Amino acid sequence: MRDLLRAGGAVLTFPEGVKALRRPFRERYRLLEFGHGFMHVALSTGAPIVPVAVIGPEEEAPLLADPAWLARLVRTPVAPLTPTLVVPLPVKYRIHFGPPLRVRGPAAPDAVARHVAEVRTAVQELIRQGLRMRRHVFF
């Protein structure tokens, strides 16, 4: 990842990790805590972080259950069961990009946590704006 960024490439990360796949429908669009790995990479490479919010997927396949036994059986971290297991709902995706955030400084734990919180806040605000702009989930 560092080599890609230093060469001018872009890398897409999901700081919530697979935990986001376990989010119940009633908590859609409420961000969980972010991991810190992406921030360590950004600090070590100087790569900007572009916050992105995707509106739509949380209604496309609402989570009913995530049975641990099924995840073990299929050897995946999660096994989300949805009412749309075969055919997803025809929602419209809307992608919102925020301005690039540039982070600098040492990767001290308190600085990393502060930068991660800034990114999380920026993404959550994009989600709020995107939900306000949306007229309907299907169009």
Scanning segment 2-17 for residues that are closer than 20 Å to Glu33 by Cα and open to solvent by 100 Å² or more (accessible area, probe 1.4 Å), the one farthest from the chain's Cα centre (by Cα) turns out to be Leu12
Would you say Ala68 is open to solvent by 30 Å² or more (accessible area, probe 1.4 Å), more than 15 Å from the chain's Cα centre (by Cα) and not charged (D, E, K, R)?
-> yes
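For segment 22-29, does any single residue satisfy the condition of being in contact with a helix residue (DSSP H, G or I) (Cβ under 7 Å, 6 or more places away or on another chain), surrounded by 12 or more Cβ atoms within 10 Å (Cβ to Cβ) and more than 23 Å from Arg120 (Cα to Cα)?
No, segment 22-29 has no match at all.
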When both residues are 6+ apart or on different chains and their Cβ atoms are under 6 Å apart, which pairs have a first residue that lies in segment 69-86 and is without any contact (Cβ under 8 Å) to a residue 60 or more places away in the chain, and a second that is assigned to a helix (DSSP H, G or I) and open to solvent by 40 Å² or more (accessible area, probe 1.4 Å)?
-> Pro77/Val18; Pro80/Leu21
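The values are calculated or read from the model by the stated rules, or taken from the named source; none is laboratory data. What you are looking at is a predicted structure, and each value in this text was computed from that prediction instead of being measured. Positions of Cβ are backbone-derived with ideal geometry, glycine not excepted, and every protein chain shown enters the neighbour counts. With ligands, DNA and RNA removed, areas are computed over all heavy atoms of the protein, side chains included. Shrake-Rupley method; radii C 1.70, N 1.55, O 1.52, S 1.80 Å.
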